[in-house]
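Notes follow once the structure below has been shown.
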Amino acid sequence: MKVLTSTTNNSAGGAAKSCIRLHQALLENGISSELLMLEQPHKEIPHGHSFYEFHVKEHKKKNVSLSKKIYTKVLYELGKDEEALFNKKMAYEAKIISQKKYGSETFHFASSQYRINEHPLYKEAKIVNLHCMINNFLDYTTFFADKAKPIVWTLHDMTPFTGGCVYSEGCDGYLSSCANCPQLKGTDNPNYTADTLKVKQKALERMQNFTIVSPSIWLLNESKKSSLFKNFRHELIPYGLNSNVFKPRDKAYSRDILGLPVDKPVILFVSHNIHNQRKGYQYLSDAFKALKLQDKVSLCAVGAKSTDSTNNGFIELGSFSDERLMSIVYSAADIFVIPSVEDNLPNTVLESLLCGTPVIGFPIGGIPDMIKSGINGFLCDNVSVDALAKQITIFLENPEVFNRKYIRENAVQKYDSSVQSEAYIKLYNELLQNN
């Protein structure tokens, strides 16, 4: 079996990490997996990886015949020059994205200059597993023209089946046409999402060997309802992590390394970008202030630094790329709080649970898949500052309520990388046999 695993690679994001972790787990299970990325990751991928950065073929313009120059000029004047049309389209999409409101996710559309199915790794593969194909890496029209290979698309957010949004923010336009996108309100073309969805629909209209994998029940159900993916096969396979890396460390030792106080409870928040409204930091900050915990509890944040000067108990550790160091961070915390208002199956929750650290979160997306109230954390009653403050108070009143050893053992059974890789290998074999 020869598998091509592909993602754009946003090295700071959970989607890229999940893709790379699956690739590594497949290799460890003896599967010939190749990894194709558009962008080079922030660090070398260990465990005998095969990384190939995708390069666009350069169009050399020197030594071009006069007749060719005239022909190109005529095409341009007639508005049929493909390269010029594509560049114009990209500039138009970039302008629309730049006009979006601050704090929301960016958009990703359906056209690209890259031709993944012309790459040697694609041609050699027996099965292709797409992941987070953002930043104009995947061209729907040309990629899905090749219907010979089984294609698996692992969802990490809603982008693949919407007109461009990463998360819909409550809009259900993707169930039909994605017309009049509320996230593009005030831009030059709020209806551009409908055009994008039509491009995707036309590209996929005759696909047969196409399977959707979702890590969370919530995202699985949303995909099944979508106008784009509703007629395709869906499978549920949660993320997997290396439980030998994410494991409990001594709390006192962990706090000493990080310079955290040993005489106060530590509440942990993790997000690449604190200003991403979807990650909900403001809910946690407001709950922290409402409870007046500044002098009693340390609120510790991991991610790009952006000091919340109004909160005296706020400690910023910055960003970490080393996973073992992140396991020390989780081990140093008494509780991990994830106040996301939209999310799939956040890796941060799985990482925390594997380290034995309980989690508090809102009842949204895939978070209820992972958190069982009273067992490995608390689910809030609703998405609000008051509901979050209530659960934080309950925990602080009885911080020893959770059995961290049991949290760890239960997480290993469900989310160890071997569980994920075995499920994918079973799926790959079935698809290849049917093909």
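What's the carbon and sulfur percent of the stretch 305-435's accessible surface, probe 1.4 angstrom, rounded to a whole number? After summing per-atom areas, the C and S share lands at 47 percent.
From the Kirkwood radius over Cα pairs of the stretch 186-317, Stokes-Einstein at 25 °C and 0.890 mPa s returns a whole-number translational diffusion coefficient of 127 µm²/s.
The length gained by stretching the chain between residue 276 and residue 429 to full extension, at 0.36 nm per residue less their Cα-Cα distance, is 51.2 nm. Heavy-atom accessible surface of the stretch 162-255, averaged per residue, reaches 45 Å², computed with a 1.4 Å probe. May I ask which of 126/426; 372/414; 372/426; 264/292 have a Cα-Cα span longer than 25 Å here? Where the Cα-Cα span goes over 25 Å, the pairs concerned are 372/426. Heavy-atom accessible area for residue 297, with the other protein chains in place and a 1.4 Å probe, reaches approximately 10 Å².
Given axes a ≥ b ≥ c from the Cα gyration tensor, I'd like to know whether the stretch 110-228 is rounded (a/c under 1.5), prolate (a/b larger than b/c) or oblate. It comes out prolate by the Cα gyration axes. Rolling a 1.4 Å probe across all protein chains gives residue 278 an accessible area of roughly 30 Å².
Translational diffusion of the stretch 308-435, estimated by Stokes-Einstein from the Kirkwood radius over alpha carbon pairs at 37 °C in a medium of 0.692 mPa s, is 202 µm² per second. Relative to the current alpha-carbon distance between residue 401 and residue 264, full extension at 0.36 nm per residue lengthens the span by 47.6 nm. Any idea which of 379, 175, 128 is furthest toward the positive side of the dipole for the chain, if Lys and Arg beta-carbons carry +1 and Asp and Glu beta-carbons -1? Towards the positive end, the residue furthest out is 128.
The modelled label-to-label distance between residue 188 and residue 418, using points 7 Å beyond Cα along the C-beta direction, is 5.5 nm. On the basis of the beta-carbon distance and an R0 of 22 Å, residue 142 and residue 208 show a calculated FRET efficiency of 0.75.
Considering only 360, 394, 412, and ranking their Cα positions along the charge dipole of the stretch 294-435 that arises from unit charges at the beta-carbon of Lys, Arg, Asp and Glu, the one farthest toward the positive end is 412. Take the solvent-accessible surface of the protein heavy atoms, probe 1.4 Å, and return the percent of it on the stretch 140-240 that carbon and sulfur atoms account for. Solvent-exposed carbon and sulfur of the stretch 140-240 make up 47 percent of the total.
In a simple Cβ point-charge model (Lys, Arg +1; Asp, Glu -1; nothing else charged), the stretch 319-400 has a dipole of about 80 debye relative to its Cα centre. Each 20 Å bin from zero up to the one holding the largest Cα-Cα distance in the chain carries the following percent of pairs: 24, 54, 20, 2, 0. Pairs over the 28 Å Cα-Cα cut-off, from the set 89/202; 123/224; 95/225; 247/289; 101/147: 123/224; 95/225; 247/289; 101/147. Between residue 324 and residue 175, the contour length at 0.36 nm per residue exceeds the Cα-Cα span by 49.5 nm. With q set to 0.11, 0.15, 0.18, 0.25 Å⁻¹, the log10 of I(q)/I(0) for the stretch 360-435, from the Debye formula over equal scatterers at the Cα positions, is -0.44, -0.66, -0.80, -1.12.
Pull out a ≥ b ≥ c, the square roots of the eigenvalues of the alpha-carbon gyration tensor of the stretch 245-400, then state rounded if a/c is under 1.5, prolate if not and a/b is larger than b/c, and oblate in the remaining case. Rounded, because the longest to shortest axis ratio a/c is under 1.5. With all protein chains in place and ligands, DNA and RNA left out, the 1.4 Å accessible area ranks 283, 174 as 283, 174, largest first. For the stretch 303-435, the per residue solvent-accessible surface stands at 41 Å², with DNA, RNA and ligands left out and a 1.4 Å probe.
The values are calculated or read from the model by the stated rules, or taken from the named source; none is laboratory data. These figures come from a predicted structure and were not determined experimentally. Note that we place each Cβ from the backbone using ideal geometry, even for glycine, and neighbour counts take in every protein chain shown. Ligands, DNA and RNA are stripped out before the accessible areas are found, and what is left, the full protein with its side chains, is counted by its heavy atoms. Shrake-Rupley method; radii C 1.70, N 1.55, O 1.52, S 1.80 Å.
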